[in-house]
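The values are calculated or read from the model by the stated rules, or taken from the named source; none is laboratory data. Please read these numbers as outputs of a predicted model, since none were measured by experiment. Positions of Cβ are generated from backbone atoms using ideal geometry, with glycine treated the same way; all protein chains shown enter the neighbour counts. Remember, those area values only see protein heavy atoms, side chains included, never the ligands or the DNA or RNA. Shrake-Rupley method; radii C 1.70, N 1.55, O 1.52, S 1.80 Å.
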Amino acid sequence: MTQRRSHHGSSKADDEDDVPEWVDQVMATVATEVRRRRKELGWSAQDLADRCAEIGHPIPRNVIANMESGRRSNLPLVDVMVLAEALNTPPICLLYPVGYIEDVQRLPLQDSTSTLDALRWFTGEETDLGADDDMLRYFRAHHAAQERLRSARRDEEYARYHAQTAPNADRKAEALRSQARAAETADDAEDRLRRVRAFIEEEGVTPPFLWPDLAHVIDSSGSDPETSEENDL
């Protein structure tokens, strides 16, 4: 399944041969994972074909069978997406089945790497590869800040309730401290969320929709957030 390059040097012809072998390896990985997940569900190839048709992108039974046996010469991205949906798994897990394959070759002419590292490269989570996409980073930071703000506000309400219903002074004091910590965390998350949205707007892009329970908090601020530093986003 995994293709490795020799460390003893290779000729130009060897490098050229590496490319179709890499393509075959990618297709074989997807085909093997489709078959494994189909069998895990107890489905026949026809069952999978029927599910693809229900989704709206028919993939005939014989096409699925040819793919799984290695007789299919191409594998369109749209097929991978629909097969993943049919099999109730993220498309990325058909390309990089973490836990089922130890390592893969991300690109031709490269040594193998762990499947998890390859997955993180594909999704943009890997930050040490020289890739730079600020907007992807901003949108991820936006989502993380919303999650943190919602969680902190929930913790604050929980602690407030326990402070109001505490059976004694010690328990009340402990609850009030928890409430204060949660409120501080929420304030930090609010500030971060406003700054992320400001960075996005500076790029001429519309920020993501805010969750309804947070929109009034963020949109009600009358101050402009500081956007001179973005290293911590």
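Condition first: open to solvent by 70 Å² or more (accessible area, probe 1.4 Å) and either in contact with a Pro (Cβ under 9 Å, 6 or more places away or on another chain) or at pLDDT 95 or above (or both). Now tell me which residues in region 61-73 satisfy that.
Matches in region 61-73: Arg61, Asn62.
Which is closer than 21 Å to Gly124 by Cα, assigned to a helix (DSSP H, G or I) and among the aliphatic types (A, V, I, L, M), of Ala175, Ala145, Ala159, Ala198? Being closer than 21 Å to Gly124 by Cα, assigned to a helix (DSSP H, G or I) and among the aliphatic types (A, V, I, L, M) holds for just one of Ala175, Ala145, Ala159, Ala198, which is Ala145.
On the given criteria, is Glu54 open to solvent by 70 Å² or more (accessible area, probe 1.4 Å), charged (D, E, K, R) and modelled with pLDDT of 95 or more? Explain how you work it out, then say what you get.
Working: open to solvent by 70 Å² or more (accessible area, probe 1.4 Å): yes; charged (D, E, K, R): yes; modelled with pLDDT of 95 or more: yes.
Spelling it out, Glu54 is indeed open to solvent by 70 Å² or more (accessible area, probe 1.4 Å), charged (D, E, K, R) and modelled with pLDDT of 95 or more.
Evaluate the following for Pro76: is it modelled with pLDDT of 95 or more, out of contact with any strand residue (DSSP E or B) (no Cβ under 8 Å at 6 or more places or on another chain) and open to solvent by 40 Å² or more (accessible area, probe 1.4 Å)? Considered against the rule, which asks whether it is modelled with pLDDT of 95 or more, out of contact with any strand residue (DSSP E or B) (no Cβ under 8 Å at 6 or more places or on another chain) and open to solvent by 40 Å² or more (accessible area, probe 1.4 Å), Pro76 comes out as no.
Looking at (1) modelled with pLDDT of 95 or more; (2) surrounded by fewer than 17 Cβ atoms within 10 Å (Cβ to Cβ); (3) in a helix (DSSP H, G or I), which one does Glu21 not meet, given that it meets all the others? Of the numbered conditions (1) modelled with pLDDT of 95 or more; (2) surrounded by fewer than 17 Cβ atoms within 10 Å (Cβ to Cβ); (3) in a helix (DSSP H, G or I), the odd one out for Glu21 is (1).
Checked against (1) assigned to a loop (DSSP other than H, G, I, E, B); (2) of a type outside the set (Gly, Ala, Ser); (3) without any contact (Cβ under 8 Å) to a residue 60 or more places away in the chain; (4) open to solvent by less than 100 Å² (accessible area, probe 1.4 Å), Leu210 passes all but a single condition, namely (3). Taken over region 39-53, the criterion of being without any contact (Cβ under 8 Å) to a residue 12 or more places away in the chain and part of a helix (DSSP H, G or I) is satisfied by Lys39, Glu40, Asp47, Asp50, Ala53.
Among the residues of region 97-109, those that are surrounded by 14 or more Cβ atoms within 10 Å (Cβ to Cβ) and free of Cβ contacts under 8 Å to residues at least 60 places away in the same chain comprise Val98, Arg106.
Screening Ser112, Ser73 for residues that are among the small types (Gly, Ala, Ser) and touching a residue at least 12 places away in the same chain (Cβ under 8 Å) leaves exactly one candidate, Ser112. In region 160-170, the count of residues that are open to solvent by 80 Å² or more (accessible area, probe 1.4 Å), without any contact (Cβ under 8 Å) to a residue 24 or more places away in the chain and basic (Lys, Arg) is zero.
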